[in-house]
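This report concerns only the one structure given below.
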Amino acid sequence: MPKAHEEAFHGLPEPGFAASWAERGFLRFQVPVLIPRILDYINPSFLTITEITRTIKMAKAIVNSWNEFDPLRHVIVGRADHTCIPPNEPATEAKIPEDSDMHGMWGPRPLDTVEKANFQLDNLVKVLESRGVRVDRPTPIQWNQAVQTPDFTTASQFGCMPPRDVLLTVGKEILTAAMSFRCRYFEYLAYHELMQRYFDEDPAFRWEQAPRPRLSEHSYKPGYFDEITIEQRLERTATLDFVTNEHEPLFDAADVCRLGKDLFCQHGLTTNRRAMEWLQRHFPDHRVHAVNFPGDPYPIHIDATFVPLRPGLIINNPNRRLPENQRKIFEANDWEIVDAARPYHEAPPPLCYSSVWLSMNCLVLDHHTVIVEASEVHQMEQMDQLGMEVIPVEFRDAYPFGGGIHCATADVYRQGDCEDYFPNQVPGTQVRR
Ligand code: DAV
């Protein structure tokens, strides 16, 4: 654990030690966190008792994030340690190139690649901290362990580089997703210590878990990944035919785009309709929408496809455009959807499961600032034209471990409340009409 985090971690209040809490914890940890948050919320020209009370309440909050773009104050950044290439399983198809040494192999990734990925992840942490964002890290477990449940076995697990896939932050809640990959069944354990800490520090934090799926053979379409042409794959995904069926609710957190009161969920390989119905019942004050993006032969996660930069502005992958009928709700509320810039690279790095479109998998720090992968010159230029300050960060060595800069992070705290950005609802996308 790098020195700065170790210190921050050990400086936290421990329950039951009131004296040391007051002396060490509050002064060393809480005060530096609270003062900027209090200042954020104070508008000196309109101080009323209600506002002061609200300010103090918000200042105590550790967990709060309603969207993808409000000012980021606290985030989790993943780690590459012990990451494995999992064996084949029904939900996935290991996309290892034919001519690679690792073709047909699974198990721990080579150590030098782990070190390179961790170097870039640690650098991302430094950049975030230099911008005043507090950063927490997961505790990796030995992912090279087999898993056996009453319904399935898998010979290895995956890793905890992409917290975005498993943790869905909605307001004061962090929800562990019901993921469809067997190798990811216990991934949430890497975040257990952090969740416990947020639970102790923040009286309003809701620590939640979606129904644990069974992931038996009944949840998948047999033969889905058998040899077929890309055209046939595109036909299938356009007609909402995915490897996961509707047997039980399944979703990855990275399929959910959070825009205040509205949650836009990508229906694809990793998220089904039943999960959207579950999310709608679980978040009764939200409106859950189903979206899909024809043009993607492997639709996994919305964050290299449909990426909001600020209220009213989204970049959309030009190979995976949102269909006309699903755009209406954005048009009716004056949101602009622009084509994202082309990726700089023609191929992803070796042993990477994601596409070149990680170019648009950026992390928005606030309505005017965004972190983009440093070699993605076209995407950086477009961001600049769209009025964003761009912070370039090298990240391609981390891609094979589970994705880009957005994937590698999960929100803990963004300043701001739940806004209604879509007061004009249009039929066509809502899960409940
Ligand atoms: O385009 O391969 C990657 C998204 C990872 N969260 C893609 C999607």
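The values are calculated or read from the model by the stated rules, or taken from the named source; none is laboratory data. This structure is a prediction, so every number in the text was calculated from the model and none was measured. Here the Cβ positions follow ideal geometry from the backbone for every residue, glycine too, while neighbour counts run over all protein chains shown.
The residue pairs whose first member lies in region 208-226 and is within 19 Å of Val166 (Cβ to Cβ), whose second member is of a type in the set (Lys, Arg) and modelled with pLDDT of 95 or more, and whose beta carbons are closer than 8 Å, counting only pairs six or more residues apart or on different chains, are Leu215/Arg182.
For region 278-292, the condition holds for at least one residue, the condition being that it is of a type in the set (Lys, Arg) and over 24 Å from Arg321 (Cα atoms). Once region 356-389 is narrowed to residues that are within 16 Å of the ligand (Cβ to nearest atom) and touching a residue at least 60 places away in the same chain (Cβ under 8 Å), the residue that is farthest from Pro71 (Cα to Cα) is Ile371.
When Met102 is tested against the conditions (1) under 19 Å from Pro350 (Cβ atoms); (2) of a type in the set (A, V, I, L, M); (3) at pLDDT 95 or above, the lone failure is (3). Check whether at least one residue in region 331-338 is modelled with pLDDT of 95 or more, within 15 Å of the ligand (Cβ to nearest atom), in contact with a Pro (Cβ under 8 Å, 6 or more places away or on another chain) and at negative phi, and report yes or no. Checked against the condition, which is being modelled with pLDDT of 95 or more, within 15 Å of the ligand (Cβ to nearest atom), in contact with a Pro (Cβ under 8 Å, 6 or more places away or on another chain) and at negative phi, region 331-338 yields no hits at all. Scanning region 196-216 for residues that are surrounded by fewer than 18 Cβ atoms within 10 Å (Cβ to Cβ) and either within 20 Å of Asn64 (Cβ to Cβ) or within 17 Å of the chain's Cα centre (by Cα) (or both) turns up Gln196, Arg197, Phe199, Asp200, Pro203, Ala204, Arg206, Trp207, Glu208, Gln209. Output the residues belonging to region 291-330 that are within 17 Å of Val364 (Cα to Cα) and away from the ligand (no atom under 14 Å from the Cβ). Pro308, Leu309, Arg310, Pro311, Gly312, Leu313, Ile314 - these are the residues of region 291-330 that are within 17 Å of Val364 (Cα to Cα) and away from the ligand (no atom under 14 Å from the Cβ).
Per-residue answers, yes or no, for (1) under 19 Å from the mean Cα position of the chain (by Cα); (2) within 22 Å of Gly268 (Cα to Cα); (3) of a type in the set (Val, Ile, Thr):
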| position | (1), (2), (3) |
| --- | --- |
| Pro297 | no, yes, no |
| Gly312 | no, no, no |
| Arg321 | no, yes, no |
| Asn361 | yes, yes, no |
| Glu389 | no, no, no |
| Pro392 | no, no, no |
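A residue that is touching a Ser or Thr at 6+ places or on another chain (Cβ under 9 Å), of a type outside the set (Phe, Trp, Tyr) and closer than 29 Å to Val77 by Cα cannot be found anywhere in region 224-243. Within region 346-381, the set of residues being touching a Leu at 6+ places or on another chain (Cβ under 9 Å) and either buried (at least 23 other Cβ atoms within 10 Å of the Cβ) or within 23 Å of Val114 (Cα to Cα) (or both) comprises Pro348, Cys352, Cys362, Leu363, Val364, Leu365, Val370, Ile371, Val372, Glu373, Glu376.
Name the single residue, out of those in region 339-352 being of a type outside the set (A, V, I, L, M, F, W, C) and touching a Phe, Trp or Tyr at 6+ places or on another chain (Cβ under 9 Å), that is farthest from the ligand (Cβ to nearest atom). Among residues in region 339-352 that are of a type outside the set (A, V, I, L, M, F, W, C) and touching a Phe, Trp or Tyr at 6+ places or on another chain (Cβ under 9 Å), the one farthest from the ligand (Cβ to nearest atom) is Pro349. Evaluating Glu173 against the criteria (1) touching an Asp or Glu at 6+ places or on another chain (Cβ under 7 Å); (2) surrounded by 19 or more Cβ atoms within 10 Å (Cβ to Cβ) leaves one unmet condition, (2). Ile228 fulfils the conditions (1) closer than 22 Å to Val288 by Cα; (2) modelled with pLDDT under 95 except for a single criterion, (1).
Residues in region 232-247 that are assigned to a loop (DSSP other than H, G, I, E, B) and in contact (Cβ under 8 Å) with a residue 40 or more places away in the chain: Leu240, Phe242, Val243.
Matching residues to (1) at pLDDT 95 or above; (2) within 16 Å of the ligand (Cβ to nearest atom); (3) not β-branched (Val, Ile, Thr):
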site: Thr149; (1), (2), (3): yes, no, no
site: Pro163; (1), (2), (3): yes, yes, yes
site: Val166; (1), (2), (3): yes, yes, no
site: Thr169; (1), (2), (3): yes, yes, no
site: Ala178; (1), (2), (3): yes, no, yes
site: Arg184; (1), (2), (3): yes, yes, yes
site: Tyr188; (1), (2), (3): yes, no, yes
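For the condition on the phi > 0 side of the Ramachandran plot, among the aliphatic types (A, V, I, L, M) and assigned to a loop (DSSP other than H, G, I, E, B), what is the one hit in Leu269, Leu351, Leu250? Result of the check over Leu269, Leu351, Leu250: Leu351. Output the number of residues of region 232-262 satisfying the condition of being away from the ligand (no atom under 16 Å from the Cβ) and touching a Lys or Arg at 6+ places or on another chain (Cβ under 7 Å). Selection size over region 232-262: 6.
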